[in-house]
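Q: Next up is a structure, given as structure tokens.
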Amino acid sequence: MTNPVTPAPLPPGETLLVTLRLAGSIPARAGRELQQQRIAAQEAARAAPAADDAPDAHRRAEKRFFADFDALLDAGLTGGRYLEKEKIAEAVAGELLLLEEQGLRVPGFVLTFNHLHCVLHQPAGRGLSLYKAVELLHQRTAGQARRILRGQLPREADFWQPGFHELPVLDAAELLRLQQYLLAHPQRLKLPPRYHEWPYCYRALLPG
């Protein structure tokens, strides 16, 4: 009998998969139903009969929510498609990579027409907090997008949906799977041919 392989740890610090989406990019009713399903799954995880299984059950519930949430975004049922405008995509990608200069690491990201997935790593004891970094990313990219759109977005309308979704990345094996998922996103969505060479996918190694 062989011993199971223990996944390699990530470098010290915190690593998150973060999703930002354009305002109105998920139908309100579908979003509410998805949140209700998430809450029910979390409650079921907390009530798991074996205490040792509760964290795993909670993790499975969060990953299920992410998959369903991402599928709704990919469907593009409602909302704008501003991120397919190259000037806006360039602005968002540029702001993401600038986070590296502030002490964070960006192991990977992908922009599609209505949302952004990015993996952010905060080395232990250095850099901005991840939550502050996402707040600044929201503010800076929304301001740049408004200037590029020049009145196409109503003044009272948000560019990004307030808040963001996060999923902790637990080990290096999971990080690798996420990077592969992000890189394959444009092809998986069967987007127009220009997305097959979409430059706004990025992957980098974390220093071990």
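The values are calculated or read from the model by the stated rules, or taken from the named source; none is laboratory data. Note that the structure is a prediction, hence the values are computed from the model and not measured. Because the Cβ atoms are built from the backbone with ideal geometry, glycine has one as well, and the counts that use them run over all protein chains shown. In case anyone asks, the SASA skips ligands and DNA or RNA and just uses the protein heavy atoms, side chains included. Shrake-Rupley method; radii C 1.70, N 1.55, O 1.52, S 1.80 Å.
Q: Within the stretch 94-128, how many residues are under 16 Å from Arg203 (Cα atoms), assigned to a loop (DSSP other than H, G, I, E, B) and either of a type in the set (A, V, I, L, M, F, W, C) or open to solvent by 10 Å² or more (accessible area, probe 1.4 Å) (or both)?
A: Qualifying residue count, the stretch 94-128: 1.
Q: Turning to a different aspect of this structure: Just the residues that are over 13 Å from Arg60 (Cα atoms), at pLDDT below 85 and not in a loop (DSSP other than H, G, I, E, B), please, taken from the stretch 34-48.
A: Listed by number, the list is empty, since nothing qualifies.
Q: Continuing with this model, one more query. Can we say Thr15 is farther than 25 Å from Tyr131 by Cβ, among the hydroxyl-bearing types (Ser, Thr, Tyr) and touching a residue at least 40 places away in the same chain (Cβ under 8 Å)?
A: No: the conditions fail for Thr15.
Q: Any residue that is aliphatic (A, V, I, L, M), outside any helix (DSSP H, G or I), in contact with a strand residue (DSSP E or B) (Cβ under 7 Å, 6 or more places away or on another chain) and at pLDDT below 95 - is there at least one of those in the stretch 169-176? Before the answer, list the steps.
A: The first filter runs over the stretch 169-176 and keeps only residues aliphatic (A, V, I, L, M), leaving 169-170, 172-173, 175-176.
Subsequent filtering for residues that are outside any helix (DSSP H, G or I) retains 169-170.
Retained after the next criterion (residues that are in contact with a strand residue (DSSP E or B) (Cβ under 7 Å, 6 or more places away or on another chain)): 169.
Within this subset, residues satisfying the condition of being at pLDDT below 95 are 169.
Yes: one or more hits.
Q: In contact with a strand residue (DSSP E or B) (Cβ under 7 Å, 6 or more places away or on another chain), among the polar types (S, T, N, Q) and modelled with pLDDT of 85 or more: is that true of Gln122 in this structure?
A: Values: in contact with a strand residue (DSSP E or B) (Cβ under 7 Å, 6 or more places away or on another chain): yes; among the polar types (S, T, N, Q): yes; modelled with pLDDT of 85 or more: yes.
For Gln122, the condition - in contact with a strand residue (DSSP E or B) (Cβ under 7 Å, 6 or more places away or on another chain), among the polar types (S, T, N, Q) and modelled with pLDDT of 85 or more - is met.
Q: Another question about this same structure. Restricting attention to the stretch 77-93, which residues are open to solvent by 30 Å² or more (accessible area, probe 1.4 Å) and of a type in the set (Gly, Ala, Ser)?
A: Matches in the stretch 77-93: Gly79 only.
Q: Scan the stretch 140-147 and tell me whether some residue there is over 28 Å from Leu34 (Cβ atoms), aliphatic (A, V, I, L, M) and not in a loop (DSSP other than H, G, I, E, B).
A: The initial filter retains those residues of the stretch 140-147 that are over 28 Å from Leu34 (Cβ atoms), namely 140, 143-144, 146-147.
After this cut, where a residue has to be aliphatic (A, V, I, L, M) as well, the list is none.
Within the stretch 140-147, not a single residue is over 28 Å from Leu34 (Cβ atoms), aliphatic (A, V, I, L, M) and not in a loop (DSSP other than H, G, I, E, B).
Q: For the stretch 12-44, what are the residues that are under 24 Å from Val106 (Cβ atoms) and open to solvent by less than 20 Å² (accessible area, probe 1.4 Å)?
A: Step one: list which residues in the stretch 12-44 are under 24 Å from Val106 (Cβ atoms), which gives 12-23, 25.
The answer is Thr15, Leu16, Leu17, Val18, Thr19, Leu20, Leu22, Ser25.
Q: Inside the stretch 56-88, can you point out the residues that are within 12 Å of Phe113 (Cα to Cα), modelled with pLDDT under 90 and among the hydrophobic types (A, V, I, L, M, F, W, C)?
A: Matches in the stretch 56-88: none.
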